[in-house]
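I have placed the structure first, in the form of structure tokens, so that the comments after it can refer back to it.
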Amino acid sequence: MERQKRQWKEKADDYKMFAGVLLALSVFLYIGTLLPTMAPEKKVYLLCLIVILLIGSFSFFRRAIQYIRLLREADE
């Protein structure tokens, strides 16, 4: 049981890290869309990519929360 708890904690930490990286990347790309030098037709693709990254980030956060809940339930 301790081994499984450790694995759940590692997975939760990994998913939080993945989510943080995707969130930071999407913020960085969004700041890039604010620059006036970008062509308008390229902005649409970039905004779609940002939305995809944000969806991925939130799904990784949700998975991390699921593993944290499993850990709390196992401790009870």
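The values are calculated or read from the model by the stated rules, or taken from the named source; none is laboratory data. In this text, all values refer to a predicted model and were calculated from it rather than measured experimentally. Because the Cβ atoms are built from the backbone with ideal geometry, glycine has one as well, and the counts that use them run over all protein chains shown. Please note that ligands, DNA and RNA were not included when accessible areas were found on the heavy atoms of the full protein model with its side chains. Shrake-Rupley method; radii C 1.70, N 1.55, O 1.52, S 1.80 Å.
The set of residues in the stretch 1-42 being free of Cβ contacts under 8 Å to residues at least 60 places away in the same chain, surrounded by 13 or more Cβ atoms within 10 Å (Cβ to Cβ) and among the basic types (Lys, Arg) consists of 11, 16.
All conditions but one from (1) at pLDDT below 95; (2) open to solvent by less than 100 Å² (accessible area, probe 1.4 Å) apply to residue 65; the one that does not is (1). Whether any residue in the stretch 47-69 is in contact with a Lys or Arg (Cβ under 8 Å, 6 or more places away or on another chain) and small (Gly, Ala, Ser) is what I want to check. Scanning the stretch 47-69 turns up at least one residue that is in contact with a Lys or Arg (Cβ under 8 Å, 6 or more places away or on another chain) and small (Gly, Ala, Ser).
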